[in-house]
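The values are calculated or read from the model by the stated rules, or taken from the named source; none is laboratory data. Bear in mind that the values here come from a model prediction, so they are computed numbers and not experimental data. When we count neighbours, we look across all protein chains shown, and the Cβ atoms used for this are built from the backbone with ideal geometry, even at glycine.
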C-alpha cells in the first residue's frame, strides 16, 4: 500500500494532504528556505500520531514535525523529501487553576492559551512576537523566548511535562505536575530539541499570575551606545525589569509609518522598559529606570499613562517585523546572543558590517538578555544582494561568538546555523550531542539533518579516537 | 581487593587524597585538581569497570540508591570561582566550590545564585547533581533554571561542554539542564555557569500563626510548618512594608530560614501544589515538616521508621502522580525501602541516554531510580 493510502486509512482522506498544490506551503517556514514535501498528515490525538509514526517508519520516510511554521531557522523545512506531521489539530486546554498549570495541545496558539486562562488572572509567560500565530508545540520545539523572558525565563522554565511520541511509537509522559520528577530530566532535553527527538503532542505548562501593577517606560537617545549602556546600568543597579527592549532609528521610523505607536523617530535609539509587580514596588523601580536612563544621556523619558498607551507601545514593538515590508520586499532576520556587557561593542560592529556590505540593517531586540536581532532589509531581485546578505550574516555570527556569545538566543539552529555549530562546540561536544539524539531516535526518523552538522557523530561508542585517526 | 587498591593507587598516583569522613572507608580516594585530571581518573575507572562514588560536601549522599565504590572521587580540589561577571549576572564555578562560600562571595555585590539557603557543607556540584533547590524556588524557580553551561566529564573520560555563558541560549541540546538532578549518571559535573539574580534592598520574614489560601502576589518564599507559617519578602523597602501590613502577623528584618526538619530520617514529599495540604494532613502527627505551598514539596522529618506507614503514604502519593523520596536515613532503612519508589515512565530511554555518557556505568551506578 502507498504511504498516502495508509495514512488515509488512519486519518481519513480529509486529514492527509498529498496534492502538490496543497502541500507546497508546508515546504517552507517564515524564513527563506524551501524543501520537498511528500505528504502532510494532520493527526488530532497522540494515538493517531503513533500510527502515523509507525507508517512513516515502515516506509523509511523522514518525519518533519510542524506547528504554525513561523520559525525562521529552517527547523520545519525538509532536507530530503519528507512527511510533514502538522500538530495544529491538537488544540485541547485543561487548566488546573489551583496548581497554576495547564495541559495544552501542541496546536494551541500561544496567545490563545493566555486568553483562555485570563479569567483566572493567569498567563503563559513566554511571549514571542509571533505569539498570535505560533503554537505551543513550536514554542516547546524551539524553547521560544519573547520580550518578557528577561525576568520570567524562556519556554523551558515554564514546561513541567511533555507528552512525547517516540520513534518506537510509544507515548511517553516525561515530567509531571509534582516538583522535581525522579530520574533524569528528559523533559528539559526535549524542550528546544527542534523536533529531532520525537513529536510533542501536549505539554504541561506553568501558568504565571498576572501582575497587579505595571509601568512601561520609553526612553529616547541620541546614540545606540547610550541606550545599550542604560541596559547594563539597570541590571547592574539590581533591577531585572519584566522586559527591556531596544529599537534603533531605522526600526522606529518603519514602525511609526506602520502602526503609529508614538516612538520618537528623531532618536537614534529607544528603549522600552517594563517593570511589573506589587503596586508599592513598580513606582520605585520605574523611577530607578528613569534615573539610570537619564544618567546615560537619555534625551527624553516617558511613562505610559494608561493601559491604552502601554498596549500601543507594545504593539509597535511586536509589529516591528511586519513594518519592515514598507522598507524593502525581503528581509533576513538574525538571532544571536552576547553577554549583555558586550552590547555596546557588538552593536558598533553590527553597523560597521552593514556599512561595509552596503546593506540596510535595522535593529530591534531583547537588549536585557543580550539577544540581538539585526535585520537586513533588501530586494532579492537585485543581482548579488543575497550573497552580500549571507556574507554579512556569517560575519555577524562570528563577531558575536568572538564576544563570548552564542549562535542563537531563541530562534533555534535548524538548518540556518547547523553548519556554524563548530564555531561554539568542539567535535567531542557535538559528538556527545549526536549520541544523545541517537538515544531517542536511533534511525534519525525525526527531522534528520537538523541542529547538528553532518559528521557530528565522529567517534566510536566507547572511547575517543586518537587525534589524526581517519574514519 | 588489596592488590586492586595498590594497583589503582599506583595508576592514579597524581590524584590521590586523604580519606573523607563519612565515605566508604575501604575505597581509594582521589581528588583531581583539573577537569582533565578528572577525565583521566574516570577513563581509568571505566577501562577496568570500577565503580566510582562522586563526593562533594557529602550533604546529599542520603538521596538515591546505595553505591559500593572502589574509588571515591572528591571534588575538593575543583574549587575555583572561575569567572564572575556581575553586570552579566553570570558566574562560572567548579563543582567543589561550597554553596555557602559562593553565596557569601556573590553577596558582596548584592547578587545570589538562588542556591539552597541552609545547605551546610554542600558544594555547587552536589546541589546541581542532586537537583535540590532552595526555599526561594517559589519565586525564582528550581536550581535547574540557573543552569546556563556545564562541563561534564563523562563516565568514559571525555570532557563535554554544553550550553553557553549567556543568559538566553538555544544552541544545541540543553545538556546543562539535563545535568541537574542527574546524580552522576552522565559523569562528573566538573564546572557550571549559573544565572544570577540581584539581591533585593529590603528582606523580611513575616510569621503567621495560621495557614492561608494565599500569601499575596508572588512572595519570595513561603514555608508552612505545623505550628506556624513563615512568609519571606524581598524588594524595595516600600514594597516590603506594604506587604508586611497586608499580611499582618509579626515580622523580623532579614530572612530567617528554618533549619532542616528534625529526625534521624528525612523524606521529600512531592505532589501537585493543589494536593499538598491534603497530603500533609494525612501524615502521622509525630512527623515534622516544612511545606512549600505553590511548589508542592514538603521536607519531612521523623525518628521512627515504620515501613508500613511510610509505604502506605508513598502508595497514596504515587497514585496522585507524586513521589515520596528518602533523603537521609540509617543504612538499614535502604535495605528494606526503595529510596525512590516506583521508577518513572521511560526508564528504557533513560538507560539509553545514560549509556551514551557512561557506557560502562561506573559513576554512581544504581543511584538513580530503577537501579540505573
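Scan the stretch A:421-443 residue by residue and report those that are surrounded by fewer than 19 Cβ atoms within 10 Å (Cβ to Cβ) and without any contact (Cβ under 8 Å) to a residue 60 or more places away in the chain. Those that are surrounded by fewer than 19 Cβ atoms within 10 Å (Cβ to Cβ) and without any contact (Cβ under 8 Å) to a residue 60 or more places away in the chain: A:422, A:423, A:426, A:427, A:428, A:438.
Which one of A:286, A:269, A:281 is buried (at least 24 other Cβ atoms within 10 Å of the Cβ), more than 23 Å from the chain's Cα centre (by Cα) and within 13 Å of chain B (Cβ to nearest Cβ)? Spell out how you get there, then give the answer.
On the way: A:286 fails: buried (at least 24 other Cβ atoms within 10 Å of the Cβ); A:269 fails: within 13 Å of chain B (Cβ to nearest Cβ).
None of the others qualify; the one that does is A:281.
Scan the stretch B:322-356 for residues that are facing chain A (nearest Cβ under 10 Å) and part of a helix (DSSP H, G or I) and jot them down. Listed by number, the residues that qualify are B:347, B:348, B:349, B:350, B:351, B:352, B:353, B:354, B:355, B:356. Take residue B:121 and tell me if it is facing another protein chain (nearest Cβ under 7 Å), out of contact with any strand residue (DSSP E or B) (no Cβ under 6 Å at 6 or more places or on another chain) and over 18 Å from residue B:91 (Cβ atoms). Spelling it out, it is not the case that residue B:121 is facing another protein chain (nearest Cβ under 7 Å), out of contact with any strand residue (DSSP E or B) (no Cβ under 6 Å at 6 or more places or on another chain) and over 18 Å from residue B:91 (Cβ atoms). Summed over the stretch A:289-312, residues that are modelled with pLDDT of 95 or more, surrounded by fewer than 17 Cβ atoms within 10 Å (Cβ to Cβ) and part of a helix (DSSP H, G or I) total 3. On the basis of being within 14 Å of chain B (Cβ to nearest Cβ), outside any loop (DSSP other than H, G, I, E, B) and under 15 Å from the mean Cα position of the chain (by Cα), does residue A:365 make the cut? Yes, satisfied. Could you please give the count of residues in the stretch A:81-118 that are within 14 Å of another protein chain (Cβ to nearest Cβ) and free of Cβ contacts under 8 Å to residues at least 24 places away in the same chain? Residues flagged as within 14 Å of another protein chain (Cβ to nearest Cβ) and free of Cβ contacts under 8 Å to residues at least 24 places away in the same chain within the stretch A:81-118 amount to 2.
Would the stretch B:131-141 turn up any residue that is at negative phi, at the interface with chain A (Cβ under 7 Å from one of its Cβ atoms) and free of Cβ contacts under 8 Å to residues at least 60 places away in the same chain? Let's see the steps before the verdict.
At the first step, the residues of the stretch B:131-141 found to be at negative phi are B:132-140.
Restricting the remaining residues to those that are at the interface with chain A (Cβ under 7 Å from one of its Cβ atoms) gives none.
Within the stretch B:131-141, not a single residue is at negative phi, at the interface with chain A (Cβ under 7 Å from one of its Cβ atoms) and free of Cβ contacts under 8 Å to residues at least 60 places away in the same chain.
In the stretch B:221-228 there is no residue matching the filter, namely being modelled with pLDDT of 95 or more, away from every other protein chain (no Cβ under 14 Å), in a strand (DSSP E or B) and under 24 Å from residue A:407 (Cβ atoms).
Select from the stretch A:207-237 the residues that are surrounded by fewer than 22 Cβ atoms within 10 Å (Cβ to Cβ), in contact (Cβ under 8 Å) with a residue 60 or more places away in the chain, within 22 Å of residue A:371 (Cα to Cα) and within 12 Å of chain B (Cβ to nearest Cβ) and list them in ascending order. Passing the criteria: A:229, A:233.
Of all residues in the stretch B:100-117, those satisfying the criterion of being in contact (Cβ under 8 Å) with a residue 40 or more places away in the chain, touching a helix residue (DSSP H, G or I) at 6+ places or on another chain (Cβ under 8 Å) and not in a loop (DSSP other than H, G, I, E, B) are B:111, B:112. The condition of being more than 22 Å from residue B:58 (Cβ to Cβ), more than 17 Å from the chain's Cα centre (by Cα) and free of Cβ contacts under 8 Å to residues at least 60 places away in the same chain does not hold for residue B:165.
Looking at this structure, is residue A:145 without any contact (Cβ under 8 Å) to a residue 40 or more places away in the chain, within 8 Å of chain B (Cβ to nearest Cβ) and either over 17 Å from residue B:181 (Cβ atoms) or surrounded by fewer than 24 Cβ atoms within 10 Å (Cβ to Cβ) (or both)? The answer is no for residue A:145.
Take the residues in the stretch B:153-181 that are more than 8 Å from chain A (Cβ to nearest Cβ) and in contact with a helix residue (DSSP H, G or I) (Cβ under 7 Å, 6 or more places away or on another chain), then tell me which one is farthest from residue A:338 (Cα to Cα). Full working, then the answer.
Of the stretch B:153-181, the ones more than 8 Å from chain A (Cβ to nearest Cβ) are B:153, B:155, B:163, B:176, B:179.
Then keep just the ones that are in contact with a helix residue (DSSP H, G or I) (Cβ under 7 Å, 6 or more places away or on another chain); that gives B:153, B:155, B:163, B:179.
On the way: B:153: 26, B:155: 32, B:163: 13, B:179: 23 Å.
Residue satisfying both the conditions and the ranking: B:155.
Being part of a strand (DSSP E or B) and more than 7 Å from every other protein chain (Cβ to nearest Cβ): is that true of residue B:240 here? Criteria not met by residue B:240.
For the stretch A:1-46, the tally of residues that are more than 28 Å from the chain's Cα centre (by Cα) and touching a residue at least 40 places away in the same chain (Cβ under 8 Å) stands at 5.
When the stretch B:235-251 is filtered for residues that are crowded, with 22+ Cβ neighbours inside 10 Å and in contact with a helix residue (DSSP H, G or I) (Cβ under 8 Å, 6 or more places away or on another chain), the ones remaining, listed by number, are B:235, B:236, B:239, B:243.
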